[in-house]
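Scroll down for the structure; my scribbles are underneath it.
The values are calculated or read from the model by the stated rules, or taken from the named source; none is laboratory data. It should be emphasised that the depicted structure is a prediction, and the values quoted were computed from it without experimental measurement. Cβ atoms come from the backbone with ideal geometry, glycine included; neighbour counts cover every protein chain shown. Surface accessibility is based on the protein's heavy atoms, side chains included, excluding ligands, DNA and RNA. Shrake-Rupley method; radii C 1.70, N 1.55, O 1.52, S 1.80 Å.
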Amino acid sequence: MASPDYGSTDFQEAVAAVVEAKTYNWIADINTSFLLTSGYLVFMMQLGFALVTVGAIQAKSVKSVCLKNLMDVCAGGVGYFLFGYAFAYGDPQSCDETGTCTSTGNPFIGSKMFALHNLPETSYQVYYFQFVFAVSTATIVSGAVAERVKFVAYGLYALYLTMWVYPVLTHWVWSTSGWASPTRTTGGLFIGSGVYDTVGSGAVHAVGGWAGLAGAMVAGPRLGRFDRDGKPRPMPGHNSVFYIAGVLLLWFGFYGFNPGTMGMIIAADGSSFGMVVARCAMSTTMGACFGGCTALLVMLCYTKLNTGHAVWDLTMSGNGALTGMVVITSGCATFEPWASALGGIIGGLITLPSSLFVLHVLKVDDPVDAVTIHAIGGTVGVLFYALMASKNYVYELYGSTAPDGVSPRHYGWFRGDTPHVLGANVVWCCVLFGWTMGMMYPFFWILKKFDLLRISREEELAGVDVSAHGGHAYPGMEDVYHSELKGLDGSTDDGLDSKNGSNGIDYSLGNIRLQGQVDHLKDEVAKLTALLPASLSKATATPSKLNGSTSRDAAGMLV
């Protein structure tokens, strides 16, 4: 039997056919693994959001913030499961005799797969990735309204946002039947290009930021945030370590958020899509690095000019890094490195002015600068995409023609194309603001009217951890909480009026609440002491020594 000609074309083609038949299904498995792993990273952003918020608020509200961040995920997950995914991607399909299916859905909203009914198992990884996006949107809101909103309000807004407000918007821009989608197959593209918001600077970040603005406006500022003249008073966070740990975790999560949105690392035809994914990671890195450095320098100059003393500010640098990443998020797959760096610089430049505008002009108390980072940063990101998207990279992502196969695919105006994408994206920014504020502001207003939004004055002064969550997050640190009640100037009389956040509160009410806890502790110690044998009881400190009347013997023991 003659040996085969290993160098012949026929032999090589036969081997290639066998290898393809054996390994072709691996493509789907590899892409599924890539998408799920990216989703896991995005889910880790929940811990980042929690730590950033914990670091930025007062110690007396830590437990409350942590539980409410958890509820954003839990309640948001329920809402997205029941209605959200169906409204976003539940498009009817029409299939021809060859098995090729196209969407026949309407341009406004999906209408199938409620509670994931009839969702193919092959789409579970897609659902999971969309779920973590939805709950990320909801979590952005929690930081903007921290320390003064009732627990029930968190659960209700998370449900509402993930089951209605966010899904409808994502249907418009990401489904193949949405009126704004650049991949629409059921009609012509909006303004000839469709909206370019590929990863979600607008659909995720801006929506979460505008919803946070609505909540913060309706709820009002924290007690003591403004003086009687409406000027902001300092109310710094209690833990910078938690804050920067949260920033770095969010940065880490962006490496799942941005590259993962590509959905695959190997194209359906077997060609590599890895370079597109890597470009997203590069853009994310450039945005964060240049954003953080730029914001740091802006704050340095600002403090030097205003106080004569330059401050290297940790919080502003961290916020700048986050804003820089939000700016480049939508178009991360279409930017060259220098363009991503430019986006980061723009993010860093807008961070401080936007933060000052929200606080000093709008008089909105946003403890984590969610409006600045996500709403304003996301809006700038959508516009930046329309200006700077590279022609070749857009073609690589969407193809060189529109879905009709005839019309040319548009790209960035500043990269040589007509302003079609800019026009579509400007309208999209207006739609994001109008829809989100139009849905969320009345929602929060209704909660307020039914007394479901804001906690009472006494609860806020003592801290929701004490009044609703079983005690402080840091037991034994009553002195810290007491100092927070007094205010930064050490005075219990801040002279604030109800309009600007104090409601004429006597801060001694909070002291009474804390003293009640100390009295309760004394009673518990007394009960335990009564149960001890007489010999041990004599050696045990009496409750009265909780007042600080202990002394030390020669051995250093408390007596």
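Brief remarks on what is shown
- Residue-wise HN-Hα coupling along segment 447-453, computed from phi with Karplus coefficients 6.51, -1.76, 1.60 (Hz; x: Gly, Pro): 4, 5, 5, 9, 6, 10, 9
- Karplus-derived 3J(HN,Hα) values for segment 55-64, using 6.51 cos²θ - 1.76 cosθ + 1.60 with θ = phi - 60°, are x, 8, 10, 7, 4, 6, 10, 5, 4, 4 Hz; glycine and proline are entered as x.
- Global geometry of segment 180-259, whether rounded, prolate or oblate, following the gyration tensor of its Cα atoms and the 1.5 cut on a/c: oblate
- Relative packing of peptides 236-246, 206-216, 74-84 - highest average C-beta neighbours within 10 Å first: 206-216, 74-84, 236-246
- Rolling a 1.4 Å probe across the protein heavy atoms gives segment 160-228 an accessible surface of 20 Å² per residue.
- Amide H contacts of ILE266 (H built 1.01 Å from N, under 5 Å, at least 5 apart or other chain): PHE273
- Amide H contacts of PHE226: ARG233, each under 5 Å away and 5 or more positions distant or on a separate chain (H built 1.01 Å from N in the peptide plane; Pro and chain starts excluded).
- Rounded to whole Hz, the Karplus (6.51, -1.76, 1.60) HN-Hα couplings of segment 421-438, x for glycine and proline: 5, 4, x, 5, 6, 5, 4, 4, 4, 5, 5, 4, 5, x, 5, 5, 5, x
- Under-5 Å amide H pairs with ARG454, H placed in peptide plane, nonlocal only: LYS150
- Accessible surface area normalised per residue over segment 347-489 is 43 Å², counting heavy atoms of protein chains with a 1.4 Å rolling probe.
- P(r) for segment 53-207, from all Cα pairs and a bin width of 5 Å, is 2, 10, 17, 19, 18, 13, 9, 6, 4, 2, 1, 0, 0 %, short bins first.
- Spin-label model, VAL311/VAL152: points 7 Å from Cα along the beta carbon direction are separated by 4.0 nm.
- Overall Cα dimensions of segment 308-352, principal axis frame, Å, largest first: 42, 15, 13
- D_trans [Stokes-Einstein, Kirkwood Rh over alpha-carbon pairs] for segment 60-138, 37 °C, 0.692 mPa s, µm² s⁻¹: 231 µm²/s
- Spin-label pair PHE450/ILE27, simplified geometry with 7 Å Cα→Cβ offset, distance in nm: 5.1 nm
- Protection proxy ranking, highest mean first, for peptides 158-169, 248-259: 158-169, 248-259, where packing is the per-residue count of other beta-carbon atoms within 10 Å, averaged.
- Simple spin-label estimate for ARG228 and ALA278 in nanometres, 7 Å along Cα-Cβ: 6.5 nm
- For segment 214-341: Kirkwood Rh in Å [reciprocal of mean 1/r, alpha carbons]: 17.1 Å
- Kirkwood hydrodynamic radius of segment 340-462, from inverse mean 1/r over distinct Cα pairs, in Å: 17.6 Å
- Using the 1.4 Å probe convention, the accessible area of segment 245-285 works out to 36 Å² per residue with neighbouring protein chains retained.
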